[in-house]
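Computed from the coordinates by the stated procedures, all read-outs in this text should not be read as laboratory data. Being a predicted model, the structure only gives us computed values, none of them experimental. Here Cβ is always computed from backbone atoms with ideal geometry, including for glycine, and neighbour counts include all displayed protein chains.
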Amino acid sequence: MEQSGAETPSIAYKVFTFEDKKENTQESLSVSIPEVLDPQYGMYVWPCAVVLAQYLWTCREELRGKTVLELGAGVSLPGVVAAKCGAQVILSDSSNKPLCLENCRRSCEANSLSNVPVFGLTWGEISPNLVLLPKLDIILGSDVFYDPEDFEDVIVTAAFLLRRNPGAQFWITYQVRSADWSIEALLQRWKLICVEVQLDQFDADQSELAGSTLPGCHSVQMMIITPRTEDARWSGI
Ligand SMILES: C[S@@+](CC[C@H](N)C(=O)[O-])C[C@H]1O[C@@H](n2cnc3c(N)ncnc32)[C@H](O)[C@@H]1O
């Protein structure tokens with residue numbers, strides 16, 4: 001149940017430090033994420049988030065100057081990392097979850113990010129907020145496929161944005177919760193393809209990342225979703 005907003009939430013700040021081990025440089029990035037002590041979904045960092053954030057950290061050169069939208073951001077670890085790496089980031093969460101939107105703003109404040117717009121964007125809804133977005137390069141989704149009832153809505157939103165933004169990609173992390181769940185048929189229906197990025201390619205094949213105990217024993221996959229090539233030039237939406 002959503003809190004009324006009248007009470008002050010109990011917040012704990014969790015620090016994530018990303019380091020460049022392969023290059024053996026001194027480069028590192030620390031971000032502080034306020035987690036709300038509440039069992040709701042968007043109130044704390046999920047195992048998927050630290051894996052996606054690690055991927056963003058390894059792609060930091062590529063991110064600089066790009067426009068990035070995070071869907072279902074919750075406490076927005078990936079979005080904050082992308083912004084700290086020099087991307088122009090927009091954060092979104094469900095229009096029906098004002099407390100999650102508040103979390104996005106709190107995460108930005110905790111990391112001195114003053115130019116990050118935060119707004120309500122509910123998957124599957126073609127709302128004015130969605131239609132009025134600026135040109136995007138990358139869309140992020142950390143653990144947005146956690147309830148099969150929402151899978152198609154997430155994909156509808158992604159398909160809409162990918163076709164409006166030729167060349168854009170949807171970078172997701174997916175926590176394997178059931179062997180019976182799959183997004184494959186939906187990707188086909190919406191003319192999208194998906195390429196898995198192996199975790200060892202970006203040093204995420206570990207149970208502890210960025211100085212945290214996440215992703216722990218959870219099985220997380222990193223994938224890049226794009227329009228199917230023969231449809232790539234179609235931008236009819
Ligand atoms: C499992 S949490 C993941 C949060 C965050 N991305 C992470 O990995 O730490 C799912 C997020 O999706 C958001 N969400 C749930 N249903 C949604 C919907 N229909 N439209 C947009 N966001 C939604 C929730 O509010 C929550 O923040």
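Counting alpha carbon pairs within less than 8 Å and at least 6 residues apart, what relative contact order, in whole percent, applies to the chain?
Values: 476 pairs, mean separation 45.9, N = 237.
Computed value for the chain: 19 percent relative contact order.
Can you list the residues, at least 5 places off or on another chain, whose amide H is less than 5 Å from the amide H of Lys66, using H built in the peptide plane?
Placed amide hydrogens put Gln88 under 5 Å from Lys66.
Could you sort 206-219, 106-119, 177-190, 149-162 so that the peptide with the highest average Cβ count within 10 Å comes first and the rest follow in order?
Values: 206-219: 15.4, 106-119: 16.9, 177-190: 12.7, 149-162: 19.4.
So the order, starting with the most tightly packed, is 149-162, 106-119, 206-219, 177-190.
Under the rule a/c < 1.5 gives rounded, and otherwise a/b versus b/c splits prolate from oblate, where does the chain land using the Cα gyration tensor? Present the calculation step by step, with values, prior to reporting the outcome.
Working: a/c = 1.38, a/b = 1.15, b/c = 1.20.
Here the chain falls in the rounded category.
Magnitude of the Cβ-charge dipole of the chain, K/R +1 and D/E -1, about the Cα centre, nearest 20 debye? Don't skip to the answer; put the middle values down first.
Numbers: 18 positive and 31 negative charges, 156 e Å.
Dipole of the chain, to the nearest 20 debye: 740 debye.
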